[in-house]
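Participant: Have a look at this one.
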Amino acid sequence: MKTYIALLRGINVSGQKKIKMADLKQTLENSGLQNVKTYIQSGNIVFDSEIGETDVLQDKIQHAILNDFTFEVPVLVKTRNQLEKILKANPFADEAEENRLYFVLLKKAPEQSLVNEFNEVIFVNEDFNITSTCVYLCCKKGYGNAKLNNNLVERKLKVQATTRNLKTIQKLVEMTKET
């Protein structure tokens, strides 16, 4: 049995794709996942499973949500170790206020040519660093005002992604230690 973190993209945002966390927990338990815990309303889940492949788990969660809630939700599954590595590699950790740090977690590595193109773009009051697993953001005026957001990253790098702030990533890592 291994502990995983699932990140859902775009639920409970602006009244779209509404899912109550208690209902989501029940759906995932009914699909065979164990020790399911949710964190806040934006689709952060910690769970245990005997399934060893994150791709299989992503599909399993996506299908369970589609079956019970009748809409599709992109799902990204990571291990604690993967999230810890992403946290430790944050190039902005020492130079920015914590509430300005965001992580655009990528479902797959972007093509290098797209990364090179994206690196040529300059955003006022926004810094970024692209890796194969994450686009690190430092939004000096806040994420809500940022031009550099999840939709732009997905469009420019041609990969699915979901964004979380520093505190959420830290809490999810902490929750995996509790199981």
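Participant: How much length is gained if the chain between E29 and N151 is pulled fully straight, taking 0.36 nm per residue apart and subtracting their Cα-Cα distance, in nm to one decimal? Show your work: numbers first, answer last.
Facilitator: Details: separation 122, 0.36 × 122 = 43.92 nm, distance 3.04 nm.
Contour length minus the Cα-Cα distance gives 40.9 nm.
Participant: Any of K37/K177; K141/K167; K88/K167; K88/K141; K37/K171 with alpha carbons more than 19 Å apart? Name them for me. Don't skip to the answer; put the middle values down first.
Facilitator: Details: K37/K177 12 Å; K141/K167 17 Å; K88/K167 14 Å; K88/K141 23 Å; K37/K171 12 Å.
Correct reply: K88/K141.
Participant: A follow-up question, please. Given labels modelled 7 Å from the Cα in the Cβ direction, how far is it in nm from E97 to K140?
Facilitator: 1.3 nm
Participant: Another one. Can you tell me the order of 140-153, 100-113 when each peptide is scored by its average per-residue count of other Cβ atoms within 10 angstrom, highest first? Mind showing how you got there, number by number?
Facilitator: Working: 140-153: 15.5, 100-113: 18.1.
So the order, starting with the most tightly packed, is 100-113, 140-153.
Participant: Excluding I51 itself, calculate the net charge of residues whose Cβ lies under 11 Å from the Cβ of I51, where each Lys or Arg counts +1 and each Asp or Glu counts -1.
Facilitator: Working: positive: K2, K60; negative: D48, E50, E53, D55, D59.
That works out to -3.
Participant: Which one, T70, T54, T131, has the greatest fluctuation when you compute a Gaussian network model over the chain with C-alpha springs under 10 angstrom?
Facilitator: T70
Participant: Next question, about the same structure. Below 8 Å, C-alpha to C-alpha, sequence gap of six or more: please give me the relative contact order for segment 57-152 in percent.
Facilitator: Values: 94 pairs, mean separation 24.3, N = 96.
Taking the mean separation of contacting Cα pairs over the length of segment 57-152, I get 25 percent.
Participant: Between the alpha-carbon centers of segment 109-152 and segment 49-71, tell me the distance in whole angstrom.
Facilitator: Each part's Cα centre sits 28 Å from the other's.
Participant: Can you give the local net charge around L105? Use residues other than it whose beta-carbon is closer than 9 angstrom to its beta-carbon, Lys and Arg +1, Asp and Glu -1. Before the final figure, lay out the partial values.
Facilitator: Working: positive: K78, K107, R164; negative: none.
Combined, the nearby Lys, Arg, Asp and Glu give +3.
Participant: Here's another thing I want to ask about it. Pick out which of I86, I45, I19 has the largest mean-square fluctuation in a Gaussian network model of the chain, springs linking Cα atoms closer than 10 Å.
Facilitator: Ranking I86, I45, I19 by mean-square fluctuation puts I19 first.
Participant: Could you give the length gained on full extension between S132 and T70, defined as 0.36 nm per residue of separation minus the Cα-Cα distance, in nm?
Facilitator: Values: separation 62, 0.36 × 62 = 22.32 nm, distance 3.18 nm.
Length gained between S132 and T70: 19.1 nm.
Participant: Place a +1 charge on the Cβ of each Lys and Arg in segment 1-47 and a -1 charge on the Cβ of each Asp and Glu, then give the dipole magnitude about the Cα centre in debye, rounded to the nearest 20. Display every interim value, and only then the final one.
Facilitator: On the way: 7 positive and 2 negative charges, 22 e Å.
Using only the charged Cβ atoms, the result is roughly 100 debye.
Read the figures in this text as sums done on the coordinates, not as results from a lab. Given the structure is predicted, the values throughout are model-derived calculations rather than measurements. Every residue, glycine among them, receives a Cβ derived from its backbone with ideal geometry; neighbour counts consider all protein chains shown.
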